[in-house]
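Working notes, beginning with the structure itself.
Please treat every number below as a calculation from the coordinates, not as lab data. Just so it is clear, the model here is predicted, and its values are computed rather than measured. Reconstructed Cβ throughout: ideal geometry from the backbone, glycine too, with neighbour counts over all protein chains shown.
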Amino acid sequence: MSTADTYIGHPTGLSDVDEMAHLPIGSASERLWGDTVWLSAMDPQAGIRGVNHIHLTNRGYARFQAHYWIDGIRQSYACRAPAHQDPTSPRWSDGQMTYEIVEPFRRVRLTLDTAQFGAQLDYESRFPAFDYNDCAGGNPLWILQRVAGVHGGHYEQAAVCRGSFEIRQGPHAGETRALDCLAHRDHTWSDRFASPRGWDDDDTPDAAMHFWLILQFPDRDLHGVGFFDPDALSATRTNPGRAGCESSARGNRLVLDVAPVPEYAGTATAMAYRTSGGPDRWRFTLDGGEVLHVRATHRHATLELIMRGENDAENPLSDYEDIVDLEIEETGERGYGVIEYSVLPGRPRWVS
């Protein structure tokens, strides 16, 4: 490991209030604005793999969704419910899905009480949080300003998820299983999905847009975010639109570059992502020059997240998540995680 490696502790730009909701910034108050949180819950030993997503908006509602594979069988919950941004409240809930900040940047709780499943899951921080504003070259999400006028912030944190999961439907209904696994959570606030879409027809070619990598291993996590074609989004030499971090007990080490292997090849590749899953091999270049190749050794499932703007009938993009087992080729480390990627335009654009 190079002596040039630098490890970052808790971000200086984040305070405990950033765990709460964020009111719109400036002109964003006139558009759809929201806080989004995402949490994984994947325990291979328990036979349960899931992702959870909440979007709390400035329009008086929030969207809640939880998707789980129980012994390989999918069960999902989704709801749009009245909710208000309150920067002082540590709790967001629709009555069946509840997210609660117990101790900022140290512990959060997710409670599920749906027809399909019930759970109380505690997420305890594993390594320091990482603020995307600390990325090498700056926050790669800044180059989205053309389509998301105000980007407020984004941070991520590796965690351990522990708790109980009650199966209420399917062949194992009535069972309660203990979860104790590697996990991840993130929090974003911005006016993404606020830009109105113009006229669009079915002849618009597919184009892959962003990727987001949550790759978890026993002694470290690798996080990467970027765009398949950053030049199309006005990336610069200073901010190339691809970055991330390696999180470990030492702190956060910057990822200087992250890319699919092979590189994105345009429309035909984007079409393949819709039907065959996203890239299964990635190259990370870390601070100090270390290069790692991470390969998805098995894809358990592919999820298309529910993403909406102000019009509930319209999909602004197709956003997929592959739930995978992983291996770092250079070291043999094995783990699991999520490879997220999006394709434009949303297909189908309209929800019937």
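Please tell me the relative contact order of the stretch 240-281 in percent, rounded to the nearest whole number, where contacts are Cα pairs under 8 Å and at least six residues apart.
Values: 31 pairs, mean separation 12.5, N = 42.
Across the stretch 240-281, relative contact order equals 30 percent.
Treating the chain as a set of equal point scatterers at the Cα positions, no solvent, please give the Debye-formula log₁₀ I(q)/I(0) at q = 0.06, 0.08, 0.14 Å⁻¹.
The Cα Debye sum returns log10 ratios of -0.20, -0.36, -1.25.
Tabulate in residue order the Karplus-calculated ³J(HN,Hα) for the stretch 87-104, using 6.51 cos²θ - 1.76 cosθ + 1.60 with θ = phi - 60°, rounded to whole Hz; enter x for Gly and Pro.
Values per residue, Gly and Pro as x: x, 9, 8, x, 9, 10, 7, 10, x, 10, 9, 10, 10, 9, 8, 7, 8, x Hz.
Within 10 Å, count the other beta carbons around each residue, average over each peptide in 90-101, 214-225, and list them highest first. Don't skip to the answer; put the middle values down first.
Values: 90-101: 17.4, 214-225: 22.2.
Going from most to least packed, we get 214-225, 90-101.
Please work out whether the stretch 1-125 counts as rounded, prolate or oblate from its C-alpha gyration tensor, where a ≥ b ≥ c are the square roots of the eigenvalues and a/c under 1.5 means rounded, while otherwise a/b larger than b/c means prolate and anything else oblate?
Numbers: a/c = 2.00, a/b = 1.06, b/c = 1.88.
Taking the square roots of the gyration eigenvalues as a ≥ b ≥ c, the stretch 1-125 is oblate.
Starting from 0.36 nm per residue, how many nanometres of slack lie between Asp202 and Thr275 once their C-alpha separation is accounted for? Write out the running numbers ahead of the final one.
Working: separation 73, 0.36 × 73 = 26.28 nm, distance 1.72 nm.
Once the chain is fully extended between Asp202 and Thr275, it gains 24.6 nm.
For Val160 and Ala313 in the same chain, what is the full-extension length gain: residue separation times 0.36 nm, less their Cα-Cα distance, in nm?
That works out to 51.5 nm of additional length.
At a Förster radius of 35 Å, what calculated FRET efficiency corresponds to the Cβ-Cβ distance of Glu100 and Arg59, to the nearest 0.05? Walk me through the numbers before you get to the answer.
Working: r = 22 Å, r/R0 = 0.64.
Efficiency, from the Cβ-Cβ distance: 0.95.
Go through Met307, Ala296, Trp142 and say which Cα lies farthest out towards the positive end of the charge dipole of the chain; charges sit on Cβ, +1 for Lys and Arg, -1 for Asp and Glu.
Farthest towards the positive pole: Met307.
Kindly provide the chymotrypsin sites (Phe, Trp or Tyr not before Pro) of the stretch 170-230 that DSSP labels as loop, not H, G, I, E or B, and whose Cβ sees at most 14 other Cβ atoms within 10 Å. Kindly include the intermediate steps, with their values, before the conclusion.
Numbers: sites: Trp189, Phe193, Trp199, Phe211, Trp212, Phe227, Phe228; in loops: Phe193, Trp199, Phe228.
Hits after loop and neighbour filter: Trp199.
Apply the Karplus parameterisation 6.51 cos²θ - 1.76 cosθ + 1.60, with θ equal to phi minus 60°, to every residue of the stretch 105-115 and state each ³J(HN,Hα) to the nearest whole Hz, in sequence, with x for glycine and proline.
The phi angles translate into 6, 10, 7, 10, 10, 10, 10, 10, 9, 10, 5 Hz.
Which of Arg126, Arg49 has the fewest other C-beta atoms within 10 Å, and how do the rest follow up to the most? Can you show the working numbers first?
Working: Arg126 19, Arg49 25.
Lowest count first: Arg126, Arg49.
Please list 3J(HN,Hα) in residue order for the stretch 165-177, calculated via the Karplus relation 6.51 cos²θ - 1.76 cosθ + 1.60 where θ = phi - 60°; whole Hz, with x for glycine and proline.
Those phi angles translate into 10, 9, 8, 10, 9, x, x, 10, 4, x, 7, 10, 10 Hz.
Per residue of the chain, what 222 nm ellipticity follows from adding -39500 (n - 2.57) for every DSSP H run with n ≥ 4, rounded to the nearest 500? Show your work: numbers first, answer last.
On the way: 1 runs with 10 residues, N = 352.
For the chain, the value works out to -1000 deg cm²/dmol.
Taking a label point 7 Å from the Cα of Arg334 along the Cα→Cβ vector, which residues of the stretch 294-316 have an amide N closer than 19 Å to it?
What the label zone holds, given the 19 Å backbone N cut-off, is 294-301.
Where a ≥ b ≥ c are the square roots of the eigenvalues of the C-alpha gyration tensor, would you call the stretch 157-212 rounded, which needs a/c under 1.5, or, failing that, prolate if a/b is larger than b/c, or oblate? Can you show the working numbers first?
Working: a/c = 3.21, a/b = 1.94, b/c = 1.65.
Prolate is the answer for the stretch 157-212, as a/c is 1.5 or above and a/b outweighs b/c.
Just grab the label-to-label distance for Arg299 and Arg80, each label 7 Å out from Cα along the Cβ direction, in nm (one decimal).
3.0 nm
What does the extension gain come out to for Asp113 and Ala46, with contour length at 0.36 nm per residue minus their alpha carbon separation? Spell out each step's value before the answer.
Details: separation 67, 0.36 × 67 = 24.12 nm, distance 1.91 nm.
So the extension gain works out to 22.2 nm.
For Gly153, list long-range residues whose amide hydrogen, built 1.01 Å from N in the peptide plane, is under 5 Å from its own amide hydrogen.
Trp189
Could you work out the relative contact order of the chain? I mean the mean sequence separation of Cα pairs under 8 Å and 6+ apart, divided by the number of residues, in percent. Write down the numbers at each step before the final one.
Details: 894 pairs, mean separation 51.6, N = 352.
Relative contact order here is 15 percent.
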